Amino acid sequence: MPKNNNNKEFNTNFLKQFLQNEENTAAKLAIISAALLTLGEGISTLSDALTLEGKKSENFDGTDAITLAIIGGSIQTFGDIVATIAAVRAIEELQTLSKNRNNDNNATPNRIKELERENNYLKAELNRLKKQKK
């Protein structure tokens, strides 16, 4: 039993850290979307089971099954919306990453030139000091 509590605590802490991290928003949304879709599917399955069981009863009017089907379908639809938002966010994150890489690639030649100038200056200073010493 204590192991199970530790696992729950670990999972809870991991989830808190994961959600607090500002990176990977698309991944978070995809996970939430998958959970919503699974929940909606489960509720729809429960509705189907209730319908099958209810057909055995004379007093079955089906409103509970229909209500569950509507709730399940709504949750699945919301999950689809979240999945769409996750896909858009993933594209935005990739575009940002691509821009950052391009900026880094543009900065690298400038940094190399700067280091070369600094190196040349230091060589010249070293040569000047050597000549002064003689």
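What follows draws every value from the coordinates through simple rules; no lab data is involved. Please read all numbers here as calculations on a predicted model, not as lab measurements. Ideal geometry is used to build each Cβ from the backbone, glycine not excepted, and the neighbour counts take in all protein chains shown.
A straight chain from Val88 to Leu129 at 0.36 nm per residue would run longer than the Cα-Cα distance by 8.7 nm.
Can you give the local net charge around Leu46? Use residues other than it whose beta-carbon is closer than 14 angstrom to its beta-carbon, Lys and Arg +1, Asp and Glu -1.
That works out to -4.
Candidates Ala65, Ile31, Leu52 compared by Cα position along the dipole of the stretch 26-74: farthest toward the positive end lies Ile31, with charges placed on Cβ. Electrostatic bookkeeping for Arg117 treats Lys and Arg as +1 and Asp and Glu as -1; over the other residues with beta carbon under 12 Å from its beta carbon, the sum is 0.
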